[in-house]
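S.K.: Have a look at the structure that comes next, please.
Values in this text are rule-based calculations from the coordinates and carry no lab data. Bear in mind the structure is a predicted one, so any value in this text is a computation, not a measurement. Every residue, glycine as well, gets a Cβ built from its backbone with ideal geometry; the counts of neighbours run over all protein chains shown.
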Amino acid sequence: MERAVSHLKRDTVDLLLGIGVLALGLVLLLFTFSQAYALAQSPGSFVQGQVPASQQATPPTASFNWNSDGLTLNTQDNSQAGAASITSWNWDYGDGQGASGQNPGPHNYASPGGYQVSLIVHDADNHQSRAFAQVEVNATGTRSGVSAGDPSSQLNVNLDLGSALLPLAVVLLTTGMLLAMAVAGGMITKAGWNLIKPKPETVRVRLKPADLTQAIEADAAPQPAPVQTSAPPPPPPQ
């Protein structure tokens, strides 16, 4: 009786433990699959979310108008800020002279001709942009024009290879973690099922007392002796 109670308690503990472990494994698998599904649905936003803010920021756009009156050049900054405000303006007038500031004022050339004027702007995120214009000045007459942008200049001056590879490393690490979580969830689920599934060696047949009494009486009852059969007489000699 005590042994039966002990077996019953052990079976109950195994069942409860198995249910808990199985539930844990299923929750882990569901969480892993939901995260993998969300990543598959929108991988672009996930990768963008892993890129440092300094790499995601929109750079500024440099631009300016110009007009010349005689040998005097006037410029008007029209640059547009990106994600951060513009902090510096650097002018190059193409004659070896330059200036700083958003609108530094008139610039006087020593001789007439064509000059390439450029403007480089920097913002608070340390992004830069460049614009240039081919201006003409002469002793008489006026000229005017608008700058052209330089797409190659809209780069982060602090370009870092390690930062550029960071999104790829994060994606690979996340994929590896999801795979490891799926494997772990499968193993935990299998362990929980092994605890609660019926085991052949633990299956017991419950007998009623009446059935047990009948079986004992059947074993104790005398068995009838086997019937001896005589052998047929031998045939008479010929």
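S.K.: Can you name the residue in segment 105-120 that is part of a loop (DSSP other than H, G, I, E, B) and within 19 Å of D77 (Cβ to Cβ) and, of all such residues, is nearest to the chain's Cα centre (by Cα)?
M.R.: Per the stated criteria, the residue is G105.
S.K.: Identify all residues within segment 56-94 that are within 20 Å of D150 (Cα to Cα) and among the acidic types (D, E); write none if there are none.
M.R.: Across segment 56-94, the qualifying residues are D77, D92.
S.K.: Let me ask something else. Of all residues in segment 79-115, how many are of a type in the set (S, T, N, Q) and free of Cβ contacts under 8 Å to residues at least 24 places away in the same chain?
M.R.: Result for segment 79-115: 3.
S.K.: Here's another thing I want to ask about it. What tally of residues in segment 121-141 results from selecting those that are in a strand (DSSP E or B), surrounded by fewer than 19 Cβ atoms within 10 Å (Cβ to Cβ) and among the hydrophobic types (A, V, I, L, M, F, W, C)?
M.R.: Looking only at that region, the number is 0.
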